[in-house]
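Novice: This is the structure I have questions about; it appears just below.
Nothing in this text is a laboratory measurement; each read-out follows from the coordinates by a stated rule. Computed from a predicted model, the values in this text were never measured in an experiment. Neighbour counts are summed over all protein chains in view; Cβ atoms, including those assigned to glycine, are modelled from backbone coordinates with ideal geometry.
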Amino acid sequence: MREKSIIKMNGFVALIIALLCIVFGAYLIVTGTISQQISGGLIILLGLIVATSLTIVQPNEAKVLTFFGTYLGVIRDQGLWATIPFTFKRSVSLRVTNFNSERLKVNDLEGNPIEIAAVVVYKVRDAAKALYDVENYEKFIQIQSETGIRHIASRYAYDTFENSENTLTLRQNSDEVADVLARDLQNRLDVAGVDVIQAQIMHLAYSSEIASAMLQRQQAQAVLSARKVIVDGAVGLVKAAIDQLAEQEIVELDEEKKAQMVNNLMVAIVSEKGTQPIINTGSIY
């Protein structure tokens, strides 16, 4: 089924013709002879037939017409139009529409239960396909959107606790995942003549049964990452201190004293609590 145009004419002209036929036919019935009354009845019938061809198309709306079960075409132009009489006319909105999915419980790539919801922005591209290629295009969009969201959520992990720049995750790469979701939904909704304008994840969280455990895991990972930064910085500072002492010949340190100095500096820099210095007033040996 494909959308196609149908023959139409200005509806106001047809409306005037229909009114004139009805008025003139009524006049003949009231004032004329028997033959004129019969003619008047036929003229009124003609006016009513013309009236059945009238249809009003609102802005950003399409009228799909069928004639005794046969699909004829679509009127997209707004206004009052006259077309083939005795056609059945169905309206289809062409406006941009939002669909907010329910919060779906899905297992991500690692098998963790998560809650996810998305908003899908779409509009009807082909009114004929929307009406006749699927049973109910709005219900079809709802079901296929939720199916697509479940499918995409199961392809990616909620988050990764390893430093992998090439791994997409639902939390860290929301824009990339949204693009993949939009393409997947477009493939699913093409059969209904619908264009997906945007698809964006609006809710993402671990399920309640594992939320606390995952929060502890995230906190532990953050602490480990912070400690690594501190240790890397401390190693650089200690190396710079030893190199500067040796370069400026301030003091000569053997390997044992270097190890002791490294130990003291690392403890002082890395320790979470402030260290208490001890002043040595005697020999360092």
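Novice: Which residues' amide hydrogens lie under 5 Å from the amide hydrogen of Leu94, considering only partners 5 or more residues apart or on another chain, with H built in the peptide plane?
Specialist: Answer set, sorted by chain and number: Glu61, Ala62.
Novice: Along each of its three principal axes, how wide is the spread of alpha-carbon positions in segment 86-165, in whole angstrom units, largest first?
Specialist: The Cα atoms of segment 86-165 stretch 67, 21, 18 Å along their principal axes.
Novice: Then there is this: Quote to one decimal, in nm, the extra length available between Asn187 and His203 on full extension: 0.36 nm per residue of separation minus the C-alpha distance between them.
Specialist: Numbers: separation 16, 0.36 × 16 = 5.76 nm, distance 2.31 nm.
Result: 3.4 nm gained on full extension.
Novice: Relative to the compact-globule scaling 2.2 N^0.38 Å, provide the ratio for the alpha-carbon radius of gyration of segment 1-85.
Specialist: The reported ratio for this selection is 1.34.
Novice: Based on the mean of other beta carbon atoms within 10 Å per residue, what is the order of 96-102, 130-136, 33-39, most packed first?
Specialist: Working: 96-102: 14.0, 130-136: 17.4, 33-39: 12.0.
The densest-packed peptide leads the list: 130-136, 96-102, 33-39.
Novice: To one decimal place, what orientation-averaged projected area in nm² is obtained for the convex hull of the Cα set of segment 36-147?
Specialist: Hull-based average projected area comes out at 9.5 nm².
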